[in-house]
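See below for the structure under consideration.
The values are calculated or read from the model by the stated rules, or taken from the named source; none is laboratory data. All values reported here derive from a predicted model rather than from experimental measurement. Counting neighbours? That spans all protein chains shown, and the Cβs are built from the backbone with ideal geometry, glycine included. Just the protein is used for accessible areas: all its heavy atoms, side chains included, with ligands, DNA and RNA removed. Shrake-Rupley method; radii C 1.70, N 1.55, O 1.52, S 1.80 Å.
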Amino acid sequence: MNIKEKAAFLLLKVMAIFPVKWNRVVFMSYDGAEYSCNPKYISEEMARSQAHLEGIWVLIKPRTDAAYKSVKPMTLAYFYYLATAKIIVTNQRLPSFYRKRKQQRYIQTWHSSLRLKKIEKDAFDFLPQSYRQKALRDSSMCDLLLSGCRTSTDIMNQAFWYDGRISEEGTPRNDVLVNEWRRKITGKQVKNKLGLSEDEQLAVIAPTFRQHGQPSLPNAEHLKRVLHQSFGGKWQTLIRLHPHIRTSDTAGYRRTDEIDDMQELLAAASIVITDYSSLMFDFMLTAKPLLLYTPDLDTYSQAERGFYFTFHELPFPVIRDESQLVEVLSNWSQSAYEQKRQAFLEKHVFFETGNASEIIAGEIASFCKREEMSTVETI
C-alpha cells in the first residue's frame, strides 16, 4: 500500500472501535462515481420491501433520487460507515485498504451478466501485479457473487479466485429490461429527462474503451436516415461513451451524460449499436435489434486481453464498415435475429426472470439478523 492507502487503512481501523450495526447496508457503484448498476436496483428494492434495514450510498456527487442518504468517498463518514456496516454491496473490487470485520458480509455483484472480454485470472498477463494482489484479497473476503447465466457461473468459478457461493438468480440491473412494464415506464422517464417526445425512437451507440486509439463511429445523420427508411418513425441517435473514453468525436450524436445508469438508456432504446461492450448481453434480453460495429476488430483483438467467444458464436451481426451497416439495417430480419438470440440464451442457460433484485434484497435481510455485537472488534 502507498502512503494514502496506509492512512486510509489506519483510519478504518480506528473506526472499528464502533460496533457493527446489525441492519446497516452500504452500497457502492464504481467506487462512488455512479448511482447505477446492480447496487442501485438492489438498494431500491431493499428500500421498498425491507424497511427495517438502513441503507447508505457512497457517492462522489450526492443524488436526490437515490434510495438512501449518501456519503462522499474518503470522508470521515465514509470510513465510519464502511467499518460499521453489516453488509457491503458493490459492483467492483473494494478499495485496497479495506479489511472485512468478522461480523460483516460482502456481496460482490460485478458489473455484467456475461462478458465478452476475458477477466481476472483468465486475463492474468494483462493485469498489473498490484491489481492481482487486490483481487485475491478481495475475493477472499467475498460472501456472495451474482451470476446472470450458467456460463457466467463457470467463468466466475475459474477466473475469480473465489470458491464461495454464487447466486444463480439473475442480475438485479437487468430486472428493468426483462420486465416489460418496468422497461416502458423507465423508457418514458428517460425520454422526458432528455427532452424527447414519447413517439421518438432511440438508437443508442455505446462504444467501449480501447487501450490505444478511439472508437470509430458511423455518421449520425446518415444512420438516422437509414433507420427511418428501414423501420419508419422519427429517430434520435444518442451516444453513451465508456467512462474511460476521455475524448472522442461525437459530432451529430446527442450526448447522454445526464443519465448515470446505462440500464435506463437500454430500457429506452429501440436499437443498440456497440462494439465489444458486455452490455450486448443485457440488451439482448429485450429482443430488440443489437449490432456490433467493429471496424477495428483485427487490431482490437490483438491489443486486448482476449475473448470468451468467437464473433461467429454471437447472435449479433458483426459489421466492419458503414456500407455494411446500411446493408444490414436495410435488410433486417427480426425473425432470423430472434432465432439466433433464443439459441444463444438456451445454450448459455440465462437465469434472468426479472426478480433478481427482490431475491438479493431478501438475501441481505437474512444476513442482517439481530445478534450480540461486540463494542470493540479489531480489523
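Near Ser333: Cβ cut-off under 13 Å, other residues only, Lys/Arg at +1 and Asp/Glu at -1. The net charge is 0. In this structure, Ala123 and Lys188 have a Cβ-Cβ separation that, at R0 = 30 Å, corresponds to a calculated FRET efficiency of about 0.15.
With a 1.4 Å probe and every protein chain left in place, work out the accessible area per residue of region 99-151 in Å², rounded to a whole number.
I get 39 Å² per residue for region 99-151.
Ranked by the mean number of other Cβ atoms within 10 Å per residue, highest first, peptides 93-104, 190-201, 163-174 order as 163-174, 93-104, 190-201. Dipole magnitude for region 233-360: computed about the Cα centre from +1 point charges on Lys and Arg Cβ and -1 point charges on Asp and Glu Cβ, it is near 200 debye. Taking a ≥ b ≥ c as the square roots of the Cα gyration tensor eigenvalues, region 33-170 comes out prolate, since a/c reaches at least 1.5 and a/b is larger than b/c. Between helix 150-159 and the chain there is an angle of about 60 degrees, using the helix long axis and the longest principal axis of the Cα atoms.
Please state the shape class of region 192-345: rounded when a/c is under 1.5, otherwise prolate if a/b exceeds b/c and oblate if not, all from the C-alpha gyration tensor. Note, shape of region 192-345 comes out rounded. Antiparallel DSSP bridges in the chain: what percent, to the nearest 5? Counting DSSP beta bridges with both partners in the chain, the antiparallel share is about 5 percent. Based on the Kirkwood radius over alpha-carbon pairs, what value in µm²/s does the Stokes-Einstein equation return for the translational diffusion coefficient of region 93-147 at 4 °C and 1.567 mPa s? Translational D for this selection: 104 µm²/s. Can you give the local net charge around Met280? Use residues other than it whose beta-carbon is closer than 15 angstrom to its beta-carbon, Lys and Arg +1, Asp and Glu -1. Every neighbour counted, the sum reads +3. Ligands, DNA and RNA left out, the 1.4 Å accessible surface of the chain is 50% carbon and sulfur atoms. Between helix 334-347 and the chain, what is the angle of the helix's C-alpha long axis to the longest principal axis, kept within 0 to 90° and rounded to the nearest 10? Helix 334-347 sits at roughly 30 degrees to that axis. Size of the chain: Rg and Dmax of its alpha carbons, in Å, are 21.4, 68.
Rounding to the nearest 10 and keeping the result within 0 to 90°, find how far the Cα-based axis of helix 129-141 lies from the longest principal axis of the chain. Long axis of 129-141 versus the principal axis of the chain: about 60 degrees.
Each Lys or Arg adds one and each Asp or Glu subtracts one; over the other residues with Cβ under 10 Å from the Cβ of Asn91, this totals +1.
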